[in-house]
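This report concerns only the one structure given below.
The values are calculated or read from the model by the stated rules, or taken from the named source; none is laboratory data. Keep in mind that what you see is a predicted model, and the values were worked out from it rather than measured. Using ideal geometry, Cβ is built from the backbone for each residue, glycine included, and neighbour counts are taken over all protein chains shown.
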Amino acid sequence: MGKRITPPPDSQGPIEPVDLREALEQRYLAYALSTIMHRALPDVRDGLKPVHRRLLYAMQQLRLAPQGEFRKCAKIVGDTMGNFHPHGNQAIYDALARLAQDFTVRYPLVDGQGNFGNIDGDNPAAERYTEARLTEVAARLLEGIDEDTVDFRPNYDGREQEPAVLPANFPNLLANGASGIAVGMATNIPPHNVGELCDAALHLIKFPNATADKLVELVPGPDFPTGGVVVDPREQIVQAYKTGRGSFRLRARWITEDTGRGTYQIIVTEIPYQIPKARLVARIAELLQAKKLPLLADVRDESTEEVRLVLEPKSRSVDPTLLMESLFKLTELETRVPLNMNVLTRGKVPNVLGLRQALREWLDHRQVVLVRRSKFRLAKIDHRLEVLDGYLIVYLNIDKVIKIIREKDEPKPALMKAFKLTDVQAEAILNMRLRSLRKLEEIEIRREHDNLTKERKELKALLASEDKQWKTIGDEIKALKDQFGQKTGLGKRRTSFAEAPEGVEIELAEAMIEKEPITVILSEKGWIRTIKGHQVETASLAFKEGDRLKRAVKAQTTDTLLLFCTNGRFYSLSADKLPGGRGHGEPFRLMIDIEEAHDAVELFVHEPGRKLIVAATSGHGFIVPEDEVLAQTRKGKQVLNVPAGSEAVACTPAAGDSIAVIGDNRKLLLFPLNQLPEMPRGKGVRLQRYKDGGLADVKAFIKKDGLTYLDSAMRSFTLSSAELREWWGERAQAGRLPPRGFPKSNSFGPRF
C-alpha cells in the first residue's frame, strides 16, 4: 500500500486552491523580469550589467585605484559576493576575468596581474593566484560616484547601499559592447572606437537632430579588440545603425610573405572577434585532413604574443585571393558579428535603440550627473561658506569668544545669541584648534572664502543655463578623447574596412575541386558512373544484364554535365559528384526529379557560349543558347515544350550554316540554319513534315564542307554539297529518301 498523506495541522493555515495556469504565468513573468533587468541586458547609461557594476564598485570600496596596489581576485570576488552580488563565486570571477582580457574587451576595465586566459581559449588561473585593480577607464566610469551623482539602493539584504547606475564619464555601452540572453529577448552590441564615439557625441550636442547617415560618417563601424576587416557595404552598415539591428561580416587580416623562388606563404595576423585561435587552427587542420581544402598544403600556428598563422598553398600557382576565399567560406576566418542594441532605458525598460538614440541616452545621463554633481558641490560650498563666516566672526571678536567659552557652562547657545550664529557655525567654532587662531590662518580663510564665493556664482550660472551645461559636457568629452582617442596607443583604430572581392564564386567553385580527367559512362537503362582518365576501352566495360553503353563522355572533375531528357527538360550534374569506382554506378533518376515514363536523350559537357538545336519527334524544334539551359535545382529546366503524344528526341550543337533532318520514314531534308529561330524556351517551328512516324535525328553542318555521318561499323562518310543537291529544300518540307549507303538506324552518329 502507498504511504498515507496526512493533512497539515490547522496551525499552518488553510489550504487555498490556486489556478495552476495563473500561478505559472505569475512566477514565470517574475523570473523573466528578473533575468531581463538583473542579469542579461545592460543599462544604456553606463553599459554595464549588475554583476560588472557591483564588481567595479566593490573594487572602488577596496581603494584599488589605477595607480594603487593590486589585490587578490579572491578578495575582490568575496567582497562582491558578500556585500552586493549573492551568486556563485565562479560566475563573479568569470565576469571579473573577462573585464581584464584585452582580446575580449576593447577598453579593459580591470588591470589584471597573472594569468587571465588567452586568445587560444584557455581559462584564467584560479582566483587565488591572480590579482587586479581598476583601470583609468573604470575610474572614468566611477568618477563622481561619491558626489550624489547617481541613486543608491539597498543591497540584497538591506545592510549596504549599492549604485543603481554609475556616473559613466565614458561611453561604455558602445565602446566595450555587450552581449546577453534573457527570456524572450537578447542583446549583442559589438565594441566601437571611443575617439569616434566622442566625435559623434560632440556632433550630437551641436546638432541634436543629426541623422544616422551623418553619425555613421563619424562612427563608420565597430572596432574590435582583435582587429580584422569588416567587408559590409556602407548602406548596410547605415541601416543597421538606424534600426539597432543587423550584423557585420568580419574577416581575418592576412598578408602574403615571399619565401623565394617564386613561392609564398600567407600570414594571418588578426583573427575575428571572440574566435578562439586554437579552435580555428584545429578546424582548418580537420578540413585539410578531410581534403576539403584542395588549395591548401599546410597550416601552422607560430603565434607568440602576436597572432601569426602560417598557411602554405598547394603550389606556387595557387591564387592567394582564391585560397583565402575558400578559407573564409569554410572556416571561422570569416564570421558574422550580430548587432542587436537591446538595452535597458531609464534602468528598467527594454528597448532596441539605434546609434543616435544610444548616444543621446548617454549624453542625457551625463547632463543629469552634471546637474546632480553641481548641486552637491553647491551644497558643500554653502556649508563651507557658512562655517567660514563663523570663523571670521571669531577673528573679529576673538577675546569675547574665548571669554564665553571659558566662563559659560553651555557656551554654544551663548555664542549663538551673542553673535547671531547658526548651529553649524557655533559647532565649528567650538571644534576649532587653538593653532587655527593664527593671523596667517585668517588670511587663508579669507582667500578660501573668496574662491568659494566665486565658484558658487559659477555653479549657480551653470545650473541656470542649459547651454553652459552642454558646453561643460562637451569639454569633458574632449578631455576624454584626448586621453583615449585615436592618437593614443589604446585608442588607435584596430578594425579596418574593405570590399569583398567580386566574381570569384565560379573560380572558387572550380578551384575547390581537384581537376582530373574522367570519362562519364551512361548506360541505356540510365545507370551513370565515372572512370578516371580518358583512355577508356568502352568495349571492355561491364554493364548489368540486358544493359549496354549509351554515351561515353570525356570530361574533367570541374565540369558541369548537361542531361537532356525526353520530357524536354535539361538537368545539370556536377562531374565531381557523380559516382565512381568499379561498380555499375547509380541510376541518374536518384540524382534528379524526373517522371518514370521519361528517359535520357543526350549527355554532354557544358560549354559556355555555345548554341544547341533541340527537336521533338513531332518535327518541331529551335535553337537555344546553352547558357539558358543550365538548371539550378533537381527539377531541371523546361526548355522544349513537347506536344502531346511526342517526346524530345535530339539535341546537337548548332555549329554551321545548314541543317540536315531525317525522319523515321527515312526522308532526308537539308535547309539553311537561318530558317530556324533562336529562343530560350518554347515548342519551336516545324523542321520537317511527316505523314507517318516522326523526326529521328538532326544535325548542323557547314555546307561547303559537306555532310558527314557514321555507319553501323562506325566508319565515317562525307557527302559533298554537289552530291546533296537533290536534298536541299526549305524548312517544313517532306524531303526524299537518303543516298544509298545511309545508315538504316536513321542517325547521323554521335552529336557531341
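For region 160-261, the helices (runs of 4 or more DSSP H) that sit wholly inside it and include 2 or more residues that are in contact with a Pro (Cβ under 9 Å, 6 or more places away or on another chain) are 172-176, 194-206, 234-243. Within region 33-53, is even one residue without any contact (Cβ under 8 Å) to a residue 12 or more places away in the chain and either outside any helix (DSSP H, G or I) or among the hydroxyl-bearing types (Ser, Thr, Tyr) (or both)? Yes, some residue in region 33-53 is without any contact (Cβ under 8 Å) to a residue 12 or more places away in the chain and either outside any helix (DSSP H, G or I) or among the hydroxyl-bearing types (Ser, Thr, Tyr) (or both). You will find that of 272, 276, the residue that is under 17 Å from residue 329 (Cα atoms) and surrounded by 15 or more Cβ atoms within 10 Å (Cβ to Cβ) is 272 and no other. Number of residues in region 299-337 that are in a strand (DSSP E or B) and more than 28 Å from residue 224 (Cα to Cα): the value is 1.
When residue 432 is tested against the conditions (1) more than 30 Å from residue 270 (Cβ to Cβ); (2) within 54 Å of the chain's Cα centre (by Cα); (3) modelled with pLDDT under 90; (4) not small (Gly, Ala, Ser), the lone failure is (2).
Residue by residue, here is whether (1) under 30 Å from residue 355 (Cβ atoms); (2) in contact (Cβ under 8 Å) with a residue 12 or more places away in the chain; (3) acidic (Asp, Glu) holds:
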{"site": "231", "(1), (2), (3)": "yes, yes, no"}
{"site": "248", "(1), (2), (3)": "yes, yes, no"}
{"site": "262", "(1), (2), (3)": "no, yes, no"}
{"site": "270", "(1), (2), (3)": "yes, yes, yes"}
{"site": "274", "(1), (2), (3)": "yes, yes, no"}
{"site": "289", "(1), (2), (3)": "no, no, no"}
{"site": "313", "(1), (2), (3)": "no, yes, no"}
{"site": "319", "(1), (2), (3)": "no, yes, yes"}
{"site": "329", "(1), (2), (3)": "no, yes, no"}
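When restricted to residues that are under 26 Å from residue 170 (Cα atoms) and in contact (Cβ under 8 Å) with a residue 24 or more places away in the chain, region 75-93 contains 9. Picking from residues in region 279-335 that are over 23 Å from residue 499 (Cα atoms) and among the hydroxyl-bearing types (Ser, Thr, Tyr), the one that is surrounded by the most Cβ atoms within 10 Å (Cβ to Cβ) is 303. I'm trying to understand the selection: among the residues of region 75-134, which are out of contact with any Gly (no Cβ under 7 Å at 6 or more places or on another chain), surrounded by 22 or more Cβ atoms within 10 Å (Cβ to Cβ) and part of a strand (DSSP E or B)? Result: 110, 112, 134. Figure legend. Inter-residue proximity from region 650-666: first residues closer than 18 Å to residue 627 by Cα, second residues crowded, with 22+ Cβ neighbours inside 10 Å and basic (Lys, Arg), beta-carbon distance below 6 Å, spacing 6+ or different chains. Indicated pairs: 652/699. Does region 553-572 contain any residue that is modelled with pLDDT of 85 or more, of a type in the set (Lys, Arg), outside any loop (DSSP other than H, G, I, E, B) and surrounded by fewer than 18 Cβ atoms within 10 Å (Cβ to Cβ)? Yes: region 553-572 contains one or more residues that are modelled with pLDDT of 85 or more, of a type in the set (Lys, Arg), outside any loop (DSSP other than H, G, I, E, B) and surrounded by fewer than 18 Cβ atoms within 10 Å (Cβ to Cβ). From the list 314, 291, the one residue that fits, being among the basic types (Lys, Arg), farther than 22 Å from residue 495 by Cβ, out of contact with any strand residue (DSSP E or B) (no Cβ under 9 Å at 6 or more places or on another chain) and not assigned by TED's automatic domain parsing to the domain that holds residue 120, is 291.
Quick grid of which residues meet (1) aromatic (Phe, Trp, Tyr); (2) without any contact (Cβ under 8 Å) to a residue 40 or more places away in the chain; (3) under 23 Å from residue 618 (Cα atoms):
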site: 710; (1), (2), (3): no, no, no
site: 717; (1), (2), (3): yes, yes, no
site: 724; (1), (2), (3): no, no, no
site: 728; (1), (2), (3): yes, no, yes
site: 733; (1), (2), (3): no, no, yes
site: 737; (1), (2), (3): no, no, yes
site: 741; (1), (2), (3): no, yes, no
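When residues in region 715-752 are screened for being exposed (fewer than 14 other Cβ atoms within 10 Å of the Cβ), among the aliphatic types (A, V, I, L, M) and either in contact with a strand residue (DSSP E or B) (Cβ under 8 Å, 6 or more places away or on another chain) or within 18 Å of residue 652 (Cβ to Cβ) (or both), 2 of them pass. Considering every residue within region 244-261, establish whether at least one is of a type in the set (Ser, Thr, Tyr), farther than 29 Å from residue 118 by Cβ and surrounded by fewer than 17 Cβ atoms within 10 Å (Cβ to Cβ). No; the residues of region 244-261 include none that is of a type in the set (Ser, Thr, Tyr), farther than 29 Å from residue 118 by Cβ and surrounded by fewer than 17 Cβ atoms within 10 Å (Cβ to Cβ). When residue 240 is tested against the conditions (1) closer than 25 Å to residue 352 by Cβ; (2) assigned by TED's automatic domain parsing to the domain that holds residue 313, the lone failure is (2).
Would you confirm, using the coordinates I've provided, whether residue 701 is surrounded by 15 or more Cβ atoms within 10 Å (Cβ to Cβ), among the aromatic types (Phe, Trp, Tyr), over 60 Å from the mean Cα position of the chain (by Cα) and at negative phi? So residue 701 does not fit the description; no. Only residues that are among the β-branched types (Val, Ile, Thr) and farther than 19 Å from residue 338 by Cα were counted across region 352-370, and they come to 2. Would it be correct to say that residue 373 is among the basic types (Lys, Arg), at pLDDT 95 or above and more than 28 Å from residue 273 (Cβ to Cβ)? Yes, satisfied. Scanning region 574-608 for residues that are hydrophobic (A, V, I, L, M, F, W, C) and without any contact (Cβ under 8 Å) to a residue 40 or more places away in the chain turns up 590, 597. Within region 9-21, restricting attention to residues that are modelled with pLDDT of 80 or more and in a helix (DSSP H, G or I), which residue is farthest from residue 348 (Cα to Cα)? Taking the candidates together, the pick is 20.
What about residue 464, is it closer than 21 Å to residue 392 by Cβ and among the small types (Gly, Ala, Ser)? It is false that residue 464 is closer than 21 Å to residue 392 by Cβ and among the small types (Gly, Ala, Ser). Among the residues of this structure, residue 632 counts as one that is surrounded by fewer than 13 Cβ atoms within 10 Å (Cβ to Cβ) and of a type in the set (S, T, N, Q). Assessment of region 384-403 against the conditions (in the same structural domain as residue 373 (by TED's automatic domain parsing), closer than 30 Å to residue 373 by Cα, within 60 Å of the chain's Cα centre (by Cα) and modelled with pLDDT of 85 or more) yields at least one matching residue. Screening the candidates 106, 128 for the property of being touching a residue at least 12 places away in the same chain (Cβ under 8 Å) and in contact with an Asp or Glu (Cβ under 7 Å, 6 or more places away or on another chain) yields one hit, 106. When restricted to residues that are buried (at least 17 other Cβ atoms within 10 Å of the Cβ), without any contact (Cβ under 8 Å) to a residue 60 or more places away in the chain and part of a helix (DSSP H, G or I), region 54-74 contains 3. Scanning region 503-516 turns up no residue that is charged (D, E, K, R), at pLDDT 90 or above and surrounded by fewer than 16 Cβ atoms within 10 Å (Cβ to Cβ). I'd like to check something: does region 22-42 contain any residue that is at pLDDT 90 or above, over 27 Å from residue 340 (Cα atoms) and within 37 Å of the chain's Cα centre (by Cα)? The answer is no, given that none of the residues of region 22-42 is at pLDDT 90 or above, over 27 Å from residue 340 (Cα atoms) and within 37 Å of the chain's Cα centre (by Cα).
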